[in-house]
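Here's the structure, in structure tokens; my notes come after.
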Amino acid sequence: MWDKLKRKGPVIFRSLAKFSPFSRKNVVFGITVFLCPACALFQGKEKYTWAELDGARDLECIEWPGVEDMASLADVVIQGPQGASGVGSVVGTGIDRKGRHALAIGRFRPAKSLSSDDVAVLSFKGKPPRIIQGNCALGSRQEFSPDTPDEIRESPLFLLTNGEPESLQLRRAADNNVLATSAPLPAAVRADTAIATGTGCMLMARDEEDQPSLFHVQDGDKLLPVNLAAMKVPFPKGRWLKATRQKDQSVLVVAVPGDGLKGAQEVPWALIHGSALKSAGVVSFKTALGVDGADVLPVEGGIYLIAVGGDSLVGEAKLHLSFYNADQQVTAPVWSHTVTLEHVHLAPPRLVRRGPTGAFALLPKWVDRESTVGSYRLSPKGFKQSENRGVFPEPASILDTVETSVGALALVKFRRDKDWQHNLCEIDW
């Protein structure tokens, strides 16, 4: 079931090397946020060679979706538990073996191992539905009779959008039953991400000009737009938004910095309760060279920001990390650090939440047409790296992550020969 690989040496000496006999389909990837006693605090420059790969430990992952019914995948997202079921979903869109549009839905529980045996494939006629990230119960409550089969009781729920204009739908994977539907979005507005709140959920969307917008889904189906006119610096066009629910059930929403920009940048944020804008502000950061991948992570009362500055494809770049309070009167970071990384190419970093205010950074590194992913614990004292984990044949990127009660799940996309493949990896803190 699980895929494992350990690096045997430089590529030129490994043309005839075979994968581990325990590998299910010889697909390899690994990432970690494992904390080790010998973690080293970065100071100054770090040089990367084959030792980065030689020293990488293996990590257990599964190929996803791992079923023969799906011929290809287009988009894949992780959706957290919808409601109180505790069952989350991994949902992918693609084409089945009969050439029809299809969804692959797999379930996961935070404390249980993953398995491709849990994946269901649903085919659709006509225009395929779109899947979105996040979770939103839409006010639905499943009611079961005593003789309801376990496959229905334990089936994951998943979100998609359907129709023109789009509406948000909550469905059950076991029977594709529609459990709830929201009111339609305005014309030409497309949903991206949802996040559950105490009074419903917040829906992040964008219009036909790629301008971000927010909606509060209330009482299961009502769709209330959030008036963002009071924001002095609006969310920029074309930017993704990330959000985290706060203790008071408000939602902190932050724009992801744009690639290619250099110098000082302002990153807008907004704190929203229901459909009302409570406060808004910006955080500022500066890079001497253009941004080559960035991520933000809103947490309780604050914002982490990480950015790769410079062209990592020439083997040297700077990794910038900052933490900010969500205070509309202050734009400067509470603390920040910069590390120079040499002789390694970097994919865009991803920030993963750990608890209400903690975070880790996952950083894919490419060396000699192979990849590994390092993890970094973030604190006011600096970057603290744990071991690199996993080696796989081609450059890879982290598509999505979700925090669980025991760590996180990470969805990784990488090329093997001419095909793109996906791995789903469990990360224990």
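The values are calculated or read from the model by the stated rules, or taken from the named source; none is laboratory data. Just so it is clear, the model here is predicted, and its values are computed rather than measured. Every residue, glycine among them, receives a Cβ derived from its backbone with ideal geometry; neighbour counts consider all protein chains shown. Heads up: the accessible areas ignore ligands, DNA and RNA and are worked out on the full protein's heavy atoms, side chains in. Shrake-Rupley method; radii C 1.70, N 1.55, O 1.52, S 1.80 Å.
Taking amide H as placed 1.01 Å from N in the peptide plane, GLY258 has no amide H partner under 5 Å among residues 5 or more places away or on another chain.
Around the amide H of ALA359, modelled in the peptide plane, lie the amide H atoms of ARG354, LEU378, all under 5 Å away and 5 or more residues distant in sequence or on another chain. In the context of the full protein assembly, PHE414 retains an accessible surface of approximately 0 Å², using a probe radius of 1.4 Å and ignoring ligands and nucleic acids.
In this structure the range 198-289 gives 47 Å² per residue of accessible area when probed at 1.4 Å with all protein chains present. Based on C-alpha pairs under 8 angstrom that are at least 6 apart in sequence, the range 286-423 has a relative contact order of 15 percent. Under the convention that each Lys and Arg Cβ holds +1 and each Asp and Glu Cβ holds -1, the size of the dipole of the range 346-419 around its Cα centre is about 260 debye.
Electrostatic tally near LYS237: other residues with Cβ closer than 10 Å to its Cβ, Lys and Arg +1, Asp and Glu -1, net -1. Close amide H contacts of ALA180 (hydrogens built in the peptide plane, cut-off under 5 Å, sequence separation of 5 or more or a different chain): LEU170.
LYS286 contributes an accessible area of around 150 Å² to the protein surface, as traced by a 1.4 Å probe with all chains present. Per atom type, the range 235-357 shows carbon and sulfur on 51% of its accessible surface, probed at 1.4 Å. Across the cross-link table entries LYS381/LYS418; LYS247/LYS365; LYS242/LYS365; LYS232/LYS262; LYS278/LYS413, which are compared at the Cα atoms, the separations over 31 Å belong to LYS381/LYS418; LYS247/LYS365; LYS278/LYS413. Each part gets one Cα centre, and for the range 140-174 versus the range 321-357 those centres are 37 Å apart.
Along the range 123-130 the Karplus relation, 6.51 cos²θ - 1.76 cosθ + 1.60 evaluated at θ = phi - 60°, assigns HN-Hα couplings of 9, 10, 8, x, 5, x, x, 9 Hz to successive residues, with x for each Gly and Pro.
For LYS237, a cut-off of 12 angstrom between C-alpha atoms picks up these aspartates and glutamates, skipping any fewer than 8 places away in its own chain: ASP207, GLU208, GLU209, ASP210.
Find out how many positive minus negative residues lie around PRO395, taking Lys and Arg as positive, Asp and Glu as negative, among other residues whose Cβ is under 13 Å from that of PRO395. Working shown, then result.
Working: positive: LYS365, ARG369, LYS413, ARG415, ARG416; negative: ASP368, GLU370, GLU394.
Result for the local shell: +2.
Ordered by solvent-accessible area of protein heavy atoms (1.4 Å probe), largest first, the residues ARG130, ARG245, ARG350 come out as ARG245, ARG130, ARG350.
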